[in-house]
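Nothing in this text is a laboratory measurement; each read-out follows from the coordinates by a stated rule. None of the values given here were measured: they were computed from a predicted structure. Cβ sites come from the backbone with ideal geometry, for glycine too, and all protein chains shown count toward neighbours.
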Amino acid sequence: MGEDILAHMSRNMTYFRKRAMFFSNMTSDNIQKINGGFMPLEKHERTIRQMFATFTDFTSDISELSNFMTTDYRQFVDGHEMTLDDFRTHTTALRSGLRKLDISIQHLICDGDSAATVHFARATRHSGEHSLIKVIAFYRFRGARICLVDELTHVIEGHHEDKALGSLQ
């Protein structure tokens with residue numbers, strides 16, 4: 001009986017891994033054909049992808065980020081809390097301290113008013129040094145806007161101090 005439970009769990013994990021990989025490869029500009037029909041991107045997925053695009057476009061106006069977040073927005077990064085104003089300050093600090101920031105979503109799942117991502121942030125400093133940080137994030141939405149983000153980060157490449165990039169002010 002124990003082997004049957006393990007086999008069942010293994011099949012389920014394989015199924016969910018395949019589904020996560022399928023959805024992680026979707027782009028915000030595409031509509032993917034599924035089982036003979038069409039499925040538009042989930043509205044929260046679109047919001048997350050558009051927010052990341054704005055966040056990493058250093059030529060965009062930082063005030064545009066407010067379009068994706070509620071006025072009482074809260075973000076927790078490795079135990080540090082940020083308000084919407086703190087997040088704007090964080091964005092300004094990153095843009096002044098970095099030459100470039102790319103975010104690559106590996107997994108994204110949405111369920112009701114919640115979503116979660118596993119993504120990588122690749123930061124390039126003005127000196128040319130690179131950092132690669134893995135981020136696991138939970139999102140809560142109110143309407144079409146993000147009201148809460150709770151993130152944990154792990155430095156893959158770079159200096160140990162790069163962990164502070166997620167809450168840099």
Rounded to one decimal in nm, the spacing of the 7 Å Cα→Cβ label points at residue 111 and residue 92 is 3.8 nm
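How large is Rg/Rh for region 41-169, to two decimals, with Cα atoms and a Kirkwood Rh? If you can, show how the numbers build up before the last one.
On the way: Rg = 13.7 Å, Rh = 14.7 Å.
That ratio equals 0.93.
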With R₀ set to 30 angstrom, the calculated FRET efficiency between the beta-carbons of residue 63 and residue 134, to the nearest 0.05, is 0.55
Cβ-placed point charges (K, R +1; D, E -1), dipole of region 72-140 about Cα centre in debye, nearest 20
400 debye
